[in-house]
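Structure record follows, encoded as structure tokens.
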Amino acid sequence: MIHHLLDSSEDLSRRAAELVIDELKQKKNLLLGAATGSTPSGLYSRLAEAAETTPGLFSAIRIMKLDEWLGLSMDDPATCETYIRTHLLQPLKISDDRYLTFHSNPISPTAECRAINDMFDTHGPIDVCILGIGVNGHIAFNEPAGSLTPHAHIATLTQSSQHHPMVAGRGGNPPTSGLTLGMTDIFRSRMILLLISGSAKKAITRDLLSQNITTALPASLLWLHPNAICLIDREAYP
Ligand code: F6R
């Protein structure tokens with residue numbers, strides 16, 4: 001992984017959009033792995049603007065959801081599903097046949113993980129994977145642990161993930177589990193863009209930049225990926 005410092009979150013989003021669009025120009029039916037949350041929304045807005053100015057740019061792109069809060073209904077405003085539909089599918093006019101997703105409240109989460117793995121085997125790997133980083137160092141919902149999991153699995157969410165702003169305002173008990181692609185699925189991506197923005201990420205960014213590779217900070221494994229680019233804005237820079 002290499003990393004770049006950007007002056008502002010706007011610059012970060014603009015640079016990330018340029019990188020995605022450059023890749024898309026080389027592969028029209030690129031499979032984009034899409035993290036949700038606050039960090040990539042600027043990037044997705046830039047892509048929505050490009051869809052307006054360059055009709056047809058996204059006519060073959062495919063999107064894959066990386067993770068999901070387990071136990072929420074699909075149309076809950078807090079789901080990754082709702083986020084991706086609002087931030088990507090609607091503005092880029094992506095039909096459901098170009099969207100690889102999975103259920104937030106499946107009858108059997110274990111069977112859903114098997115289905116995700118089958119879907120990944122058929123349609124993957126991801127070409128460009130957009131990642132954010134949790135304040136605890138997670139990527140997607142691969143949470144810090146003594147060992148990590150290669151493929152789709154049920155993640156037991158740490159306290160900090162349970163208090164993520166996406167679900168914090170919902171009221172009631174926060175989700176305690178998630179569904180997520182695993183580390184190998186993410187690692188098979190041809191290109192990874194790790195986006196880090198905002199002062200809340202300063203401490204974890206300091207740990208990440210130490211280049212100490214440990215499963216206690218899952219994002220640190222990205223130092224091993226041959227084509228991962230980490231964009232960090234000034235507010236997050238330690
Ligand atoms: C969500 C996801 C998470 C977030 C991370 C950072 O789909 O994959 O790993 O990227 O929790 O979230 P924000 O950007 O909201 O700080």
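Where a number appears in this text, it was derived from the coordinates with a stated rule and is not lab data. Model, not experiment: these values are computed from the prediction. Because the Cβ atoms are built from the backbone with ideal geometry, glycine has one as well, and the counts that use them run over all protein chains shown.
Within the chain, DSSP assigns beta bridges of which about 25% are antiparallel (rounded to the nearest 5).
Listed values for the range 167-181 are Karplus-derived 3J(HN,Hα) couplings in whole Hz (6.51 cos²θ - 1.76 cosθ + 1.60, θ = phi - 60°), namely 10, 4, x, 6, x, x, 7, x, x, 9, 9, x, 10, 8, 5, and x replaces Gly and Pro. Take the chain, connect every pair of alpha-carbon atoms lying under 10 Å apart with a spring to form a Gaussian network, then pick out the residue of 144, 109, 55 with the largest mean-square fluctuation. With Cα springs under 10 Å in the chain, the top fluctuation among 144, 109, 55 is at 55. Tell me which aspartates and glutamates have Cα within less than 15 Å of residue 202's Cα, excluding those fewer than 8 residues away on the same chain? Qualifying aspartates and glutamates at Cα under 15 Å: 7, 233, 235. Under the convention that each Lys and Arg Cβ holds +1 and each Asp and Glu Cβ holds -1, the size of the dipole of the chain around its Cα centre is about 280 debye.
Defining a contact as two alpha carbons under 8 Å apart and six or more residues distant in sequence, what relative contact order in percent does the chain show? So the answer I get is 26 percent. Calculated over the range 25-120, the projected area of the Cα convex hull averaged across directions stands at 6.3 nm². Of the residues 113, 211, 100, the one whose Cα sits farthest towards the positive end of the charge dipole of the range 89-238 is 211 (charges of +1 on Lys and Arg Cβ, -1 on Asp and Glu Cβ, taken about the Cα centre).
Give the Debye-formula value of log10 I(q)/I(0) at each listed q (0.09, 0.10, 0.15, 0.16 Å⁻¹), with one equal scatterer per alpha carbon of the chain, two decimals each. Normalising to I(0) and taking log10 leaves -0.33, -0.42, -1.01, -1.17. Alpha carbon centre of the range 68-119 versus the range 172-231: separation in Å? A separation of 21 Å, based on Cα centres. Projecting the Cα atoms of 12, 56, 73 onto the charge dipole of the range 1-97, computed from C-beta unit charges around the Cα centre, puts 56 farthest toward the positive end. Once backbone amide H atoms are built at 1.01 Å from N, residue 214 has 220, 221 as its partners under 5 Å, excluding neighbours fewer than 5 places away on the same chain. In this structure the amide hydrogen of residue 64, modeled in the peptide plane, comes within under 5 Å of the amide hydrogens of 32, 33, 34, 100, none closer than 5 places in sequence on its chain.
Highest mean packing first, where packing is the average number of other Cβ atoms within 10 Å per residue, the peptides 132-142, 183-193, 113-123 line up as 132-142, 183-193, 113-123.
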